[in-house]
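Trainee: My structure is below; once you've seen it, I'll send some questions.
Please treat every number below as a calculation from the coordinates, not as lab data. This structure is a prediction, so every number in the text was calculated from the model and none was measured. Every residue, glycine among them, receives a Cβ derived from its backbone with ideal geometry; neighbour counts consider all protein chains shown.
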Amino acid sequence: MKTFKHTIFGVKLFVMAAALLISCKDDEEKAAPEPMGSLVSYTTISSTKFDRIDITVSGEVKAVLSGTSFLKPACGTPASKSVSNIALPAGTHMIGAKQYKDGKVVGSWSEAPTKITAGDCKKIAWNE
């Protein structure tokens, strides 16, 4: 009877160790971070001509500008009302924008393929 209990214990221990090894392997495969870049955008359009500019990535609003930037922002500039800084996976993304005034679209930039490079930033000026 004692050897039967030892055998059951040994089987349970083996199954648990195998499950642990498999789950650790999955964690290692998932742990590799995706290469990222950033999209920095701004506008020099007078703030009297817009309330906001929605910046879209693949049709989804990812940032909003509500002010004018008088200078071209540097890479790494933090997001503010006049500068957007969107972290994106490296690759090509569809980027566009819509300009609103009093709740109505008064300008737009069609989505276009934009390449984002890992460790770098792409700058876009939304201008008239």
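Trainee: If you take every residue apart from Ser69 with its C-beta less than 15 Å away from the C-beta of Ser69, what net charge results, scoring Lys and Arg +1 and Asp and Glu -1?
Mentor: Combined, the nearby Lys, Arg, Asp and Glu give +4.
Trainee: Then there's this: So which trypsin sites (Lys or Arg not before Pro) in the stretch 24-128 are both in a DSSP loop and have at most 13 other Cβ atoms within 10 Å of their Cβ?
Mentor: Lys81
Trainee: Going by a ≥ b ≥ c, the root eigenvalues of the Cα gyration tensor, does the stretch 24-128 fall in the rounded group (a/c under 1.5), the prolate group (a/b larger than b/c) or the oblate group? Write out the running numbers ahead of the final one.
Mentor: Details: a/c = 2.59, a/b = 2.05, b/c = 1.26.
Prolate.
Trainee: Right, here's the next one. Please identify every one of the chymotrypsin sites (Phe, Trp or Tyr not before Pro) in the stretch 55-128 that sits in a loop by DSSP and has no more than 16 other beta carbons within 10 Å of its own beta carbon. Intermediate values should be presented prior to the final figure.
Mentor: Working: sites: Phe70, Tyr100, Trp109, Trp126; in loops: Phe70, Trp126.
For chymotrypsin sites (Phe, Trp or Tyr not before Pro) across the stretch 55-128 that sit outside H, G, I, E and B with at most 16 neighbouring Cβ atoms in 10 Å, the list reads Phe70.
Trainee: Cα centroid distance between the stretch 91-121 and the stretch 27-87, in Å?
Mentor: So the two Cα centres are separated by 9 Å.
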